[in-house]
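The values are calculated or read from the model by the stated rules, or taken from the named source; none is laboratory data. All values derive from a computational prediction rather than experimental measurement. So basically every Cβ, Gly included, is an ideal-geometry build from the backbone, and we count neighbours across all protein chains shown. Side chains are part of the model used for accessible areas, which takes the heavy atoms of the whole protein and leaves out ligands, DNA and RNA. Shrake-Rupley method; radii C 1.70, N 1.55, O 1.52, S 1.80 Å.
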Amino acid sequence: MRQIWLARHGESAGNVAATRAERNGDEVLALETRDPDTPLTDVGRDQAAALGTWLAARGQPIAIWCSPYVRAFDTAQIARDRAGSDVDIHLDERLRDRELGILDQLSSLGVQARYPDEAARRLRLGKFWYRPPGGESWADVALRLRSVLAEIIHADEPTLIVAHDVVVSLAVYVLCGMTEAEILALARERGVGNATVTTLTPDGDRWRVEGFADTRHLRAEEAPITVHGEDPHVDVL
């Protein structure tokens, strides 16, 4: 049966900086790179290698689509090489991470201190609909995902998509025909950890979740399991 697998990138320097800023009460993340250029950590590379072992075990040619952000592309390359595959990696900017606009590189404390009106507006609108100035809401990301997913699902081969936690969640939302409440509940119940795999199989006109944010391949390879939020300052309902 044809399947689509959704993998989040391995742990990145941005993940670590965001978690450290939240823990230390810093307003700004200690990160010098642009978001698209943020690299994997050593832990992230180990996680990507474990993803490659999982990929090799699928035992068939698998198309790979990927966000062009460095942390996602490097994850896909490491996994492909570990699997011994020579397939091309299809980069597509529609699979990029959610853009945060004026809130980029700010912690939750930083947002409250510098943009209190935005913090209040976000609480009123909720995570799915809130769009920071210059950035995107979850709904905006879902809109761009609809076009790329329409291309992917009409291909013949099984497909691995390597991207970001919000992309994983919203791809499930789009393909499985979920409501806002359903996808937010699923995301709350189990966060999309680094290098986890979500499996979708066809179910009539829609798709069905066979496994969400699975970590078994990471445990099998004794790779660290990390669950950093991409944007912790707007990730609490």
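Observations on the structure shown:
- Pairs, first among the basic types (Lys, Arg) in the stretch 1-25, second surrounded by fewer than 22 Cβ atoms within 10 Å (Cβ to Cβ), C-beta under 6 Å, six or more apart: 2/158
- The set of residues in the stretch 54-103 being among the β-branched types (Val, Ile, Thr) and within 20 Å of the chain's Cα centre (by Cα) consists of 62, 64, 70, 75, 78, 89.
Conditions (1) open to solvent by 70 Å² or more (accessible area, probe 1.4 Å); (2) part of a strand (DSSP E or B); (3) more than 26 Å from residue 47 (Cα to Cα), marked per residue:
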{"position": "183", "(1), (2), (3)": "no, no, no"}
{"position": "194", "(1), (2), (3)": "no, no, no"}
{"position": "202", "(1), (2), (3)": "no, yes, yes"}
{"position": "213", "(1), (2), (3)": "no, yes, no"}
{"position": "219", "(1), (2), (3)": "yes, no, no"}
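- Filter pass, residue 80 being within 23 Å of residue 224 (Cα to Cα) and either of a type in the set (Asp, Glu) or touching a helix residue (DSSP H, G or I) at 6+ places or on another chain (Cβ under 9 Å) (or both): yes
- Tally, over the stretch 1-30, of residues that are among the hydrophobic types (A, V, I, L, M, F, W, C), surrounded by fewer than 20 Cβ atoms within 10 Å (Cβ to Cβ) and either in a strand (DSSP E or B) or over 17 Å from the mean Cα position of the chain (by Cα) (or both): 3
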